[in-house]
Each structure stands twice: as structure tokens, then as C-alpha cells.
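First comes the structure, then the notes that go with it.
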Amino acid sequence: MTDVVLDGVGKVYPGGQHAVRDVRLRINDGELFVLLGPSGCGKSTILRMIAGLEETTSGELWLNGGVANDLSPRERNVAMVFQDGALYPHRTVAGNMMFPLEVAGDDRAQARERVAELSRALGLSPMADRLPATLSGGQRQRAAIGRALIREPSLFLMDEPLSSLDAGLRTELRLEIAGLVRSTGTTTVYVTHDQVEAMTMADRIAVLRDGVLEDVGTPEQIYRDPATVFVAAFLSTPPINLLQATAWAVQDQGVVLDFGAQRLTVPWNDPRSPALISHHGGPVIVGVRPDALTPVADVREGRTLVGRVRVLEFHGHDWLAYAEAGIPTIDPNTVGRPVPVPAEPGPASGGRLRGLLRRTSRARQPVPEEHEGHHRRSNLIFRSGTDRPARGEEILLDVDLDRLLLFAADGRRITSVRR
């Protein structure tokens, strides 16, 4: 078994493209750790650097207590499963699983016994003599997992292994994969862009954007206490409401979150109020998940928003409603992006690149003004349960103030119990 430490690891491709920026991360022994983020965020690059398939531009990669930057992939004792399985097409399922043992020179009788045992565990015994072309997508992925696991690696790497499968099969296989790798106790790094996979499988999750590590924690931690606006939005289905407000400290009330046409008040006895005072008169971003909004009959001062129902979506167990509320909403993709580092002419040494990466920082820009693309339609998204509201109906929404997520203009959390 092994643990993995990334100490200021960065990757810069020719032409000055920064794929990974100064990532500092510890993956514990035996952990199922998920790297989560949108396409192009650097998660697969990190996985390939851990595997030794990509060189690091800066920083140090540690495996099981030793620096591994200069180790070959073979010396790292890792096994990797790719998105398409990458099975040998001319070998049967059993032959694919046998191949790593043949290369290692293991006793053939013992190797066949291990293949048979793992095939039973993965439900592959009935198709052991079939070629990959005759298998379904899920069967091919199970065979690829078996080929990787049979080596008993110290580190198991999985690069979006379920992304090409249909939804039903993904649900089935993510349960199988999570149970299997936990039963072996092998440290596993799993890359995905699917938040459901990450939330249901991971012991811990690291969320990345533009090569920058945005947040790390257990699934519950990063959902309830996201470090940035981007993390709050990325881990939210249906979408979180991100509202632009101005914070005002009012002596006899608390901190008023002024949306222009409407207001909410965070009372003085709320533990977040002291941190909000420093934003007096300035812009803040208020995150409200749809299930923190409840339709009510009467206004409750300081905690009720008013909207007019515009669109309804039926989700089987409840209705999802979109209400026009006259409140500017924020596009999370425009807030807190890293500042691009301009490429310098000529070759750069590792030391100079490390200096460039240290100077890279998150943009601390104000909440955008009224420019096209920065604000979305001013909807409030809320769940209405089985009571379907009428389109065009004016509705009162009680806000669970304890569940408000409060962010500064640069997209970082204003307060956090976890931090």
C-alpha cells in the first residue's frame, strides 16, 4: 500500500500552457480519492504525472515516503484503467488478465488460479474465453479492472472509466468498483467529471478548475461548506441560486443582504455576522440551494423572497420551479478564475518555472458589473414538493438562513466552520 503527496506540483506544456498550477495534496494510504472537475481542468494530467506517463514541470511527487519524480512507471508499481478499457483485442478476457503475470514471470499454474479467482469476484467467469469485441461496455471495463488489480499494485489509477457507458450501467459499475477497491485496501485515485460518481464513491474529493485546486474534503464537507463559488455550483443538482447582493451592517437588525428589489437579514446572533461586517457596503455573493427555499403563505421579515413562477419542471417525486424575482444572479464561471501567466520566450529552467507558478494567484476581481454574459436571468430555483404552483403565480419563499452560503466578490467563502 502507499500514500501519495503532491508538493507544489505543476505542469506547463510547450507554448506556456499551464495545465496544473502548484497543486499541494495528500492522498492517504488505502483511500479512494476522487479528482473532480470539468474537462480541461488538469485532473487527468495529475493522474498521468502520478503514473509517470507525464513529467512534472515543478514541485515534487512523493510515493510511499520517497520522491518519485525520476522513477519510471514500472518502478512506481501503479496500475491504470483508462476510459476505453484498452484491452488487447487478440486476447481473451482471461488472456488479458493473465498478461501482467506472464510478463512478471509468475508460475503459470498459480497465475491461472489467480485469474480464475478474480474472474469470479468480478462476475467475468462466464466470458473468460471471449474476445473484447464480443463484450458489452461494462464487461470490458470489468475486464480492464481485473487486469489492473491482478498485479496487486500499490496504487490504482482510474481515468474516467465509466464516462462512455450508459447511465444505468454507470450506476451499477460505480457500486461494484467502489466495493471492489475498498475490499482490496489499495490506494485508488479516480478521475471523473461526474459529480454523482464523486459524491457516491469517494472517501475524499479534490475539485479542480483551470489547473488550480479549489477545494479538498469529504463529500459532505465540500457540499455543505464549499470553499468557493465554483465548487458550490459544480456540486449542485439542480443548480444552486447564486445571487448578487450588497452587505450592510445595520445596528438594530444584523447584516442586511441587499439584492436591490429584495432583502434578507443575517441576525447579529448568527456566528457569520462578525465576518460579514468587514464587507459592509461591498458586494457579496449569496448561495441558496433550491431545497433551502420553501413556499409559504405569509411574509417573515428578513427571510422571505418574492417571485413569480415562470417555468415548471416535473421530476417525478417533486416539482422544480423557476421564479422571476428581479435579483441579479451570478455566473460562477466568471468569478475567481486564475490569472493567466504570460509565456516567456525561450526555454525556462525548473527553478524559474517554479517562481512563475508561485506568482500565479486567483483573480481577486469585484463582482462583475452589468456586462453581457456575467449575469443570468434573474430566476430563483426552488422545489415545491407535490404541490404544483401555477405558472404566473406570485409566490413567497421562506429562506433557511442557516443554509445560506456566503462568498466574497472573488468567489471565496467568507466564513467556514471547517476552516
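What follows is calculated from the coordinates using simple rules that are stated; it is not laboratory data. These figures come from a predicted structure and were not determined experimentally. All Cβ positions, even for glycine, are placed from backbone atoms using ideal geometry, and neighbour counts span all protein chains on display.
The table for this structure:
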item: Equivalent ellipsoid semi-axes, the range 149-217, via Cα gyration tensor eigenvalues times 5, rooted, Å; result: 20, 17, 11
item: Unit Cα scatterers, Debye sum, the range 1-73: log10 I(q)/I(0) for q = 0.14, 0.15, 0.22 Å⁻¹; result: -0.40, -0.46, -1.00
item: Trypsin sites (Lys or Arg not before Pro) within the range 170-240, DSSP loop, no more than 14 other Cβ atoms inside 10 Å; result: none
item: Cα gyration tensor category, rounded, prolate or oblate, for the range 25-182 with a/c compared to 1.5; result: oblate
item: Packing-based order for 309-322, 278-291, using average beta carbon neighbours within 10 Å, highest first; result: 278-291, 309-322
item: Cα pair distances of the chain binned at 20 Å [whole percent]; result: 23, 46, 26, 4, 0
item: Cα gyration tensor, the range 103-157 - rounded (a/c under 1.5), prolate or oblate; result: oblate
item: Rounded to 5, the percent of DSSP beta bridges in the range 4-227 classed as antiparallel; result: 50 percent
item: Modelled FRET efficiency - R0 45 Å, Ala390 with Ser164, Cβ distances, 0.05 increments; result: 0.60
item: Computed [θ] at 222 nm, helices only, for the chain once each DSSP H run of length n ≥ 4 contributes -39500 (n - 2.57); result: -7000 deg cm²/dmol
